[in-house]
Amino acid sequence: MSAILRNIQELSMLGAWCSLWLIGGYGVARYAFRLKKSEQLLVGIAIGLIVETWLANLLTLFIPAVPGFWIAAVLTFLIGILFSWGHSFREGFKISIPWGLLITFAITTYLFTAVSRGLAIYDDYAHLPTLSMMAAGDLPPHFPLDPSISYGYHYFLMLFAAQWMRLGGLYPWNALDLARGISFGLMICLTYVWVSRMTSSKLGGLAGALMAAFGMGTRWILLLLPEKVIAWLGEGMELLGSGRLTGATLVEAINRNWGIEGAGPIGYPFTFANGINAPGVMLHGPNGAIGMAITLVLLLTFNRWNGWKGAVITSILLASTLLISEAGIILLLGGWALVVLVEIIRRRSMQIPKGLLLWLIVMAIGSIVGFLQGGALKDITAGALDPEAVSYQTVGFRLVWPPAIVSSHLGILSLINPRQLIVALLEMGPSLLALPLLAVFGWKAFRASRWYEAALMASGLISLAMIVVEFAGSTGVRNTS
């Protein structure tokens, strides 16, 4: 009986905590941005999750974990209420619920969570102990095997999972699976919303959502070739990581199940894996699909600010990305620099348009706050400034020639070696076909003063420079991808 009462109490607390940030997020989406009513709910769920987790990360730098988690949820709720100030009380209850989209979100969240159960394919041996320590109040986290070492890591979604674990009594693996499932559901549904808006077509939105879930490289095309041709293509190729565990050569690995630890009882064909462009359904890493969800929220809201409110929330969204992908924010800053440079050349003047200047300020605030809040980038910088500082991992880059594409499975694929070039093109897949469209879309966005879209497209083009750069940190060259 006591166990039942305890479960009811934990569920009640968890329901209250979720309600606070969900209501707050919906209020923010509704009053900080000029969105269609059909877009507000899903965007609100994403914003509530992101703002609450970001606040929890800041608060737990100064106060214990449980009060920090609750105060973060309450503050998210209050922000939503504050943003609704000046609107009629009755209007606040006029909620437009896109039932089809909401049901799809629930189904995709459940399916991805169910698929994740029992999987530990992407370093969960390290994630689960860290998650448990975070739930116990070790924030920012330290390395589980040596608590004296700071664990500078991209732990954003793990912090969200830690709150489910601590407040709801979930096991760490269940909490992390659920967090990944929620992030995947948001990514799929937000992709549908964004592509539907861009194409003015529900069918287009569905196609976009399916591409987000299943779009990947085309390594499987190798199966259509004779084994002698595959063996010829793989000559001189040195497989990496799980690729090497799968087979000693390309032709050997391509016909086997993926040699990865922590997978389920049914083998996953190596030919349907990918070391550069993995499908959305394989986003089982520490942050799941939350990084893509944040990008989609920014794409849906970047030019629909409702005054200062939208600018504040956008800064928080940008700050949160530094706890997800340090490389992404660096590339985005490079994209902004390219946009500013081209605008100065186009105008032949150092005078920057007001809209662009405002975005640069928001980007600067988000980047600085995100850097100071912790994570890998801050840890890397601290190590660079203090050679005696002890960190879990080192980070470095080196210039290489000839240019190459690095697959975390197939290794370093030289672009001047015809055989390896063919394999590299297959590994990257249809994303290559989008490259010219990326440039055209970015240029049109630039001319239309759609600054965030232009900077995002520019960051994608800048990333092409990685063909002459390799990662030289402690985790190895495989992390170049």
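The values are calculated or read from the model by the stated rules, or taken from the named source; none is laboratory data. From a predicted model like this one, the values you see are computed outputs, not experimental measurements. All Cβ positions, glycine included, derive from the backbone under ideal geometry; neighbour counts span all protein chains shown. We work out accessible area using only protein heavy atoms, side chains counted, and drop any ligands, DNA or RNA first. Shrake-Rupley method; radii C 1.70, N 1.55, O 1.52, S 1.80 Å.
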- Given L338, L332, which one is hydrophobic (A, V, I, L, M, F, W, C), in contact (Cβ under 8 Å) with a residue 60 or more places away in the chain, assigned to a helix (DSSP H, G or I) and open to solvent by 50 Å² or more (accessible area, probe 1.4 Å)? L338
- Only unsatisfied item for S148, checking (1) surrounded by 15 or more Cβ atoms within 10 Å (Cβ to Cβ); (2) over 30 Å from Y192 (Cα atoms); (3) among the hydroxyl-bearing types (S, T, Y); (4) in contact (Cβ under 8 Å) with a residue 60 or more places away in the chain, is (1)
- Qualifying position, being of a type in the set (V, I, T) and either surrounded by 23 or more Cβ atoms within 10 Å (Cβ to Cβ) or at pLDDT 90 or above (or both), among I260, I294: I294
- Message: Given (1) in a helix (DSSP H, G or I); (2) more than 24 Å from the chain's Cα centre (by Cα); (3) not hydrophobic (A, V, I, L, M, F, W, C), identify the lone condition not met by T113.
- Response: (2)
- Item | Residues of the range 151-180 satisfying the condition of being in a helix (DSSP H, G or I) and under 13 Å from the mean Cα position of the chain (by Cα) | F156, L157, M158, A179, R180
- Item | One residue from G307, G267, G288 being at positive phi and surrounded by fewer than 18 Cβ atoms within 10 Å (Cβ to Cβ) | G307
- Item | Enumeration of residues in the range 217-230 that are open to solvent by 40 Å² or more (accessible area, probe 1.4 Å) and either of a type outside the set (V, I, T) or over 11 Å from T271 (Cα atoms) (or both) | W220, L223, L224, L225, P226, E227, K228, V229
- Query: Using beta carbons and a limit of 7 Å, which pairs, at least six apart or on different chains, have the first residue in the range 404-416 and free of Cβ contacts under 8 Å to residues at least 60 places away in the same chain and the second one open to solvent by 30 Å² or more (accessible area, probe 1.4 Å) and assigned to a loop (DSSP other than H, G, I, E, B)?
  - Reply: S414/P402; L415/P402; I416/P402
- Note on the structure: Within the range 181-206, of all residues that are among the small types (G, A, S) and in a helix (DSSP H, G or I), the one surrounded by the fewest Cβ atoms within 10 Å (Cβ to Cβ) is G204
- With respect to F272, determine if the residue is touching a Lys or Arg at 6+ places or on another chain (Cβ under 9 Å) and open to solvent by 20 Å² or more (accessible area, probe 1.4 Å). yes
- Sole miss for I462 among (1) under 18 Å from M216 (Cα atoms); (2) at pLDDT 85 or above is condition (1)
- Message: Condition (residue is part of a helix (DSSP H, G or I), among the charged types (D, E, K, R) and crowded, with 18+ Cβ neighbours inside 10 Å) applied to the range 352-364: is it met by at least one residue?
- Response: no
- Task: Go through the range 117-145 and count every residue that is among the small types (G, A, S), surrounded by 15 or more Cβ atoms within 10 Å (Cβ to Cβ) and closer than 30 Å to W258 by Cα.
- Result: 3
- Return the pairs, sorted by first residue and then second, in which the second residue is open to solvent by 40 Å² or more (accessible area, probe 1.4 Å) and in a helix (DSSP H, G or I), the first residue lies in the range 129-145 and is over 14 Å from W164 (Cα atoms), the beta carbons are less than 8 Å apart, and the residues are 6+ apart or on different chains. P141/M133; H142/M133; P144/P129; P144/M133
